[in-house]
Every structure is written in C-alpha cells, then in structure tokens.
Amino acid sequence: MLGAMRYSNCFIPTLRDDPADAEVISHKLLLRAGYIRRVTSGVYDYLPLALRVLRKIEAVIREEMNRAGAQELLMPMVQPGELWEKSERMEKYGPELLRFKDRHSHESCLGPTHEEVICDLVSRELRSYKQLPMNLYQVQSKFRDEIRPRFGLMRGREFVMKDAYSFHADAESLAAEYKNMFETYTRIFTRFGLEFRPVEADTGSIGGSDSHEFHVLAESGEDLIAHCSVCDYAANVEKAVSRRACVSGEPAALAMVETPAVTSVEDVADFLSVDIGLLVKTLVYRIHGGEHDGAIVAACVAGDDQVQEIKLAHVVGADSVEMATDDDIVSIGGVTGFVGPQQLSVRVLVDSRLQGATGFIAGANRRDTHVTGLDFGRDVPAAEFADLRETRAGDRCSRCGNEIELSRGIEVGQVFALGKRYTEPMEVVFQNQQGKRSVATMGCYGIGVSRLMAAIVEQCNDAAGISWPLALAPFQIGLISMGKSNAVRDASEAIHQQLLDAGIEVLWDERNERPGVKFKDFELIGLPFQIVVGDRGLKEDAVEIGWRQQQRRAVSVADAVKVVLSEFEQATSAETTVSEATVSEATVSEVTN
RNA sequence: CGGGGCGUAGCGCAGCCUGGUAGCGCAUCUGGUUUGGGACCAGAGGGUCGGGUGUUCGAAUCACCCCGCCCCGACCA
C-alpha cells in the first residue's frame, strides 16, 4: 500500500481564497493548499501533505548527515534548569527561553537548542581521546519564545530543527569537521534545487569563533546579505565588512552654527545645503552584558551610514546594545537632537570610515546648534576608531575592491565552530594521548527543517500554487479520473495499481468533481506530474500525461506507466548530475577563503 | 514593549459612521440536471457578531476594560 491514496479519503482542506492574515507567499500557499493550520501564535499543525514533505526533507538531511559520518540520536524537549545554570546561559538567553516549574517546583525549560543537554550527555561518557571526534545529531522540535513570530513557518515559536554537535580533541579536528559540515550543507541545499548562498555570519547568542549561515535567496527573507559582485565574499550585514570612500570636507576651524529645531541628519543637510555624507551621526547606546554591562557609549558614523548594532556590541564587548533614553543622553552631557562627539563623558566610538575626516558637521551638544569644520583627529582626541557601519549596496569589497550587492535571504542553516564555549563550563573533558586531562572542543550545525519547507515554497511556486521538486512532493503523481464511466474507473484503477507496484507515490483523484476543480486542486497542492484518464482519450485507448503547468500529451494506456517511469528517471538523473557538480565547486571556493 | 489595522457562519467579506435584534459570495447537506479547466436550478443547515462591563426602552453598531490576530517599528538625535 505504499503511497496508496484516494483523494476522497484524504485530509486536504484546500481554500479558495487566500487567508486574510497571511502575508508572504509560502504562508498563503501552505494554508490554502491544506498543508498547515495555526494552533496559536507561531505554532502550527502539520497536516498530512506537509508531514509527507517534511519527512522527505528530513530523509535527504539524514542521508547526507549519515554519509558525513554523523550519528542520529534524540534528545528531550524539556530540559532541566540546572544545565542552563551550568553553561551560564540561564540569564543570558533571555525571554526566548520558555521557563516553567514542574510540580516539584523544579526549574525547567523548553529546549530552544541542545548544547547543554548534549554536553551533559557527552561529558558523562567521554573518557579518552580515542572516542573522538564524534558528531551527534537529531531532528526534533524546538521552542523559542520569539518576540514576533511571523510569516507562518518562516519564524515560528515551535519549529522542527536538525541540530548536530561535534566534539573534538583539538582545533584541527574541529576545523576538518566544520569543513565537512559546510560541504554537507552545500550538498543538502543543492539537492533541494535551491538558489542559496553560504555567508559569513555573526555567532550571536550561541557564541564561538567562526560561523557561516546558509541563506535561500528570496524577497521575503528577513536577513540582508552582502556579497561581492565578482569574488566569493559574502556575509550577513550583521557582520559584513566593506569599504566606501568618505566624502571629504574642506579642513576648517571649528565653528558653531545655529540650527533651530533642525535635528535629523537629513534636515540638517538640507538646512545647511551640504551633502548628507558630510554630517556625523552620533548615537548614544546603553550596553548590555559583558564587562561593562549597563555602561553608556556614543557611536559615530557618517550621515549616510547606519550603525550596525551587532558590530558595535562586539567592539564594546557586550551581548547587545540598546538606544539610550533621553535622560541617559542628558546624563552624559548630550542634548537630544543635537548630540555630537565632543565633550561627552563616555567612550566615543567612531566608525573607521571617518578616520582622518575633516570639515564635518556634527551636533554641538547644545540646543539648536551644530558644529562645522569638525576634524576628529584634532577635535575628538579620545575617539576610538572601529568598524561600526552597516554595509550597503554600492560599497566596495574589502577583499577585491569590486562592487558589493545586497540580497534578501532566508536563513535555513548555520554552522558554528564553538571552541570551548560550552565544553569548558559543562566540563566535557577527556584524557589525551599524553594522559593529561583535556577539554573537548566543539562545533554545532543547524538546519531549520520546517523553515526550509517554507523557503522551498517561496522559491517553487507560480500563480496556480506550489510547484514542488519531484524529490520533495508529497505525491509524485496526481492521477485524475474524468467522468464516472466504468471504462474510466477501470483504467484509472489499473494505472493506480501499476504505479503503486512501481513504488511511485500517487494521489488518485476519484472524486465526483468537475475536471476544473481537480486540476485547480492539484496545481494548488503542487504535485509535479499529472495523469489524466477520461472517456475522450480512452476512445483512442490513450491517457494524457504531463508535468504540472505544461502541455499534456497522449500515450497509450498500456505504455503510460512505463513512459512516466522513464520521464522520472530522466528528471532525476539530470538533477543529480547538476548537484554533484555544483557541490564540489561551491565547496572549494567558499571554505578555503 | 510602541504605533497602525483587524476580530461578524468553515473561508473571504458587507452591515457599525447615523442603535431597532444579522446579510452576501464560496464551502457544507438534500433533490435534480450537468461533467475536459473552480457548473446550474430548487431547498436546507450553520452565527454566544472575540470576551466582559457600562449607556439605552433597545447594542454587531456607542463608551470603557480585557483577550486574540496581522503588519510596521522597537535605531539614525
């Protein structure tokens, strides 16, 4: 009975209209085509069609992870608070970690990720370097209490993730596994036929040293990625480094200028009739976490740039930064609306693009006043220069000097070289070759499985609905019976059986519906191939076959299944050839740089 | 957390401004006619109008509170 399904017995609640509360295409289509239903904010039911696709995605991931030498296990969703205390993340992780007490008042949480649990497990069993390296992974539900779940499966609170954790005796071994996982991910996303890009990434709350994200390119993506138009450089804008020449002002003496009620850089530039790039934006932040938790700092960038807060946080050794309040600004000697870098009683970080800049305009820290002729070297001797600005389109690549472009991406995977961030506090130790106690070094590697399903829909759809790749479709074939004649029923039944015997997944639409309804439904749910059985064709002893949204052609009833199988074979072998070639090419160029 | 929008039948919506006891399309059910691209006719079922409090003779409609959903923002002084 493999794949045997009659439409009239299937739970496929399709909708004629787009649901009003869905915004992005994948959310709309997955709802309309009967794949998902919302249970509560950011939490969804996966209906039978969705589960079939999810299982196929997982199968590819498992296959590639296993091939890469990782072993699957399964860890719990509920985790004890002590582990998070031990890793020092109980406080740090913040409100995204859903905490609760069980009936014995035991502090617990729902796992947003599993570094703690896996480290706890491995620390208990690891004794010798001979057990290393090892890579353990699972496919499991995660819960993160997101500020704003949105876009359906794209940013849910509960979601399916493949997470892998590797343990090593030394940094070289970790580097090798990192590369191995990078290649594995490239292979996986290539097999899905996705247009994607690996990019350098910030390590975020997970911590560690080195990280790449894998982004599926899509307009609806929540991330911005910067990439060079010529070389391989690509990075999340949270991390991207690029160059742009600084607009240069004439060196001049420092002077005050009246700017009554003119505060924003745009307005000041207009008011003074100067290029916005000649202004200095001074932003005041309060920093959170790290050595200077709670301190206030000022950050300056050119008027046409934006402060990249994640970069700023790194520069000041904080976990995050937050815009200061008006009171904070006053307390450090600033005047809201007219803050400038001079005479502030806090650290002043200045974007390196402004190093050596002269003739700039900045707030004067005095009401309705700006200064002109600012020269950082001369007038702000305490300034500390660092890369603080966010890369924008048209910047120059810091590697090759060519133009930087920006794209939107959906982050579907990330690999981290964690080092000893977790193994140290969690005491994952072993005896090394010299018989000495040694702390293991660690990597972790995630793929958002449910998000990946949404990302695939974002790339694989048209006006009629979803257009699944053959390898991921919930059923490969939609078998449509037209009319109620015995001839149609018998021929359909026979073909249905032959397909099942051949191991093909087929959804047989034997409903008493008009043809238009059936075609629309199949196109909406996205089955890649159709076989149409009708009286018209049977008169000539023929049925029609064809790929979704393409012209169908007539083939004899007797040959139908054979012809379909050979079409599938061709399609599959074409895909594989492409994927092998692309994998090796992408791998070499990306990891080595 | 801030701003905006929304909440009326399974889905999409109207009605609300100007208070008088709920309607349209699709879907569903019954009967009939249809059957190669979301059929037609006739009939039927289905709604505590998100919840509460208040105003009023009377509330989907007005007021207040709460809940939920969606979008934007949570930064550019």
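A few notes on this one:
- Selection of segment A:343-366 for residues being modelled with pLDDT under 90 and of a type in the set (D, E, K, R) yields an empty set.
- Among the criteria (1) among the β-branched types (Val, Ile, Thr); (2) in contact with an Asp or Glu (Cβ under 8 Å, 6 or more places away or on another chain); (3) farther than 30 Å from A:Pro133 by Cβ, the one A:Val449 does not fulfil is (3).
- Restricting the search to strands (runs of 3 or more DSSP E) fully inside segment A:204-295 and requiring at least 2 residues that are more than 11 Å from RNA strand B (Cβ to nearest atom), in contact (Cβ under 8 Å) with a residue 24 or more places away in the chain and open to solvent by less than 40 Å² (accessible area, probe 1.4 Å) gives A:210-217, A:223-228, A:234-236.
- When each of A:Gly478, A:Gly516 is tested for being within 11 Å of RNA strand B (Cβ to nearest atom), on the phi < 0 side of the Ramachandran plot and either among the charged types (D, E, K, R) or crowded, with 20+ Cβ neighbours inside 10 Å (or both), the lone residue that passes is A:Gly478.
- In the set (1) among the basic types (Lys, Arg); (2) in contact (Cβ under 8 Å) with a residue 40 or more places away in the chain; (3) open to solvent by 60 Å² or more (accessible area, probe 1.4 Å), A:Arg353 fails one condition alone, (3).
- When A:Phe338 is tested against (1) surrounded by 21 or more Cβ atoms within 10 Å (Cβ to Cβ); (2) farther than 16 Å from A:Val268 by Cα; (3) touching a Ser or Thr at 6+ places or on another chain (Cβ under 9 Å), exactly one condition is not met: (2).
- Residue within segment A:319-326 that is within 30 Å of A:Ser248 (Cβ to Cβ), without any contact (Cβ under 8 Å) to a residue 40 or more places away in the chain and outside any strand (DSSP E or B) present: no
- Odd one out for A:Trp84 among (1) surrounded by fewer than 19 Cβ atoms within 10 Å (Cβ to Cβ); (2) part of a helix (DSSP H, G or I): (1)
- Residue list for segment A:93-139, restricted to those being assigned to a strand (DSSP E or B) and either charged (D, E, K, R) or modelled with pLDDT of 95 or more (or both): A:Arg99, A:Lys101, A:Glu107, A:Ser128, A:Met134, A:Asn135, A:Leu136, A:Tyr137, A:Gln138, A:Val139
So that you can scan it fast, the table gives a plain yes or no per residue for (1) open to solvent by 60 Å² or more (accessible area, probe 1.4 Å); (2) closer than 24 Å to A:Glu222 by Cα; (3) part of a loop (DSSP other than H, G, I, E, B); (4) of a type in the set (A, V, I, L, M, F, W, C):
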position: A:Asp18; (1), (2), (3), (4): yes, yes, yes, no
position: A:Arg55; (1), (2), (3), (4): yes, no, no, no
position: A:Met65; (1), (2), (3), (4): no, no, no, yes
position: A:Glu91; (1), (2), (3), (4): yes, no, yes, no
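- Condition met for A:Glu146 (within 15 Å of RNA strand B (Cβ to nearest atom), open to solvent by 20 Å² or more (accessible area, probe 1.4 Å), touching a Leu at 6+ places or on another chain (Cβ under 9 Å) and more than 19 Å from A:Phe214 (Cβ to Cβ)): no
- Of the set (1) in contact (Cβ under 8 Å) with a residue 40 or more places away in the chain; (2) surrounded by 16 or more Cβ atoms within 10 Å (Cβ to Cβ); (3) of a type outside the set (Val, Ile, Thr); (4) within 14 Å of RNA strand B (Cβ to nearest atom), all apply to A:Leu507 but (4).
- Strands (runs of 3 or more DSSP E) enclosed by segment A:414-475 - at least 3 residues per element that are within 27 Å of A:Lys179 (Cβ to Cβ): A:429-431, A:441-448
- Condition met for A:Ile332 (hydrophobic (A, V, I, L, M, F, W, C), touching a residue at least 12 places away in the same chain (Cβ under 8 Å), open to solvent by 30 Å² or more (accessible area, probe 1.4 Å) and within 16 Å of RNA strand B (Cβ to nearest atom)): no
- Of the set (1) away from RNA strand B (no atom under 16 Å from the Cβ); (2) open to solvent by less than 40 Å² (accessible area, probe 1.4 Å); (3) touching a strand residue (DSSP E or B) at 6+ places or on another chain (Cβ under 9 Å), all apply to A:Met426 but (3).
- Segments classed as strands (runs of 3 or more DSSP E), wholly inside segment A:493-590, with at least 3 members that are in the same structural domain as A:Met482 (by TED's automatic domain parsing), in contact with a helix residue (DSSP H, G or I) (Cβ under 9 Å, 6 or more places away or on another chain) and at pLDDT below 95: none
- Single condition A:Gly359 does not satisfy, out of (1) out of contact with any Ser or Thr (no Cβ under 9 Å at 6 or more places or on another chain); (2) surrounded by 15 or more Cβ atoms within 10 Å (Cβ to Cβ): (1)
- Residues considered: A:Gly443, A:Gly419. Of these, the only one that is under 25 Å from the mean Cα position of the chain (by Cα) and either open to solvent by 10 Å² or more (accessible area, probe 1.4 Å) or at positive phi (or both) is A:Gly419.
The values are calculated or read from the model by the stated rules, or taken from the named source; none is laboratory data. Every value quoted in this text rests on a predicted model; they were computed, and no experiment measured them. Here the Cβ is made from the backbone with ideal geometry for all residues, glycine too, and neighbour counts use every protein chain on show. Remember, those area values only see protein heavy atoms, side chains included, never the ligands or the DNA or RNA. Shrake-Rupley method; radii C 1.70, N 1.55, O 1.52, S 1.80 Å.
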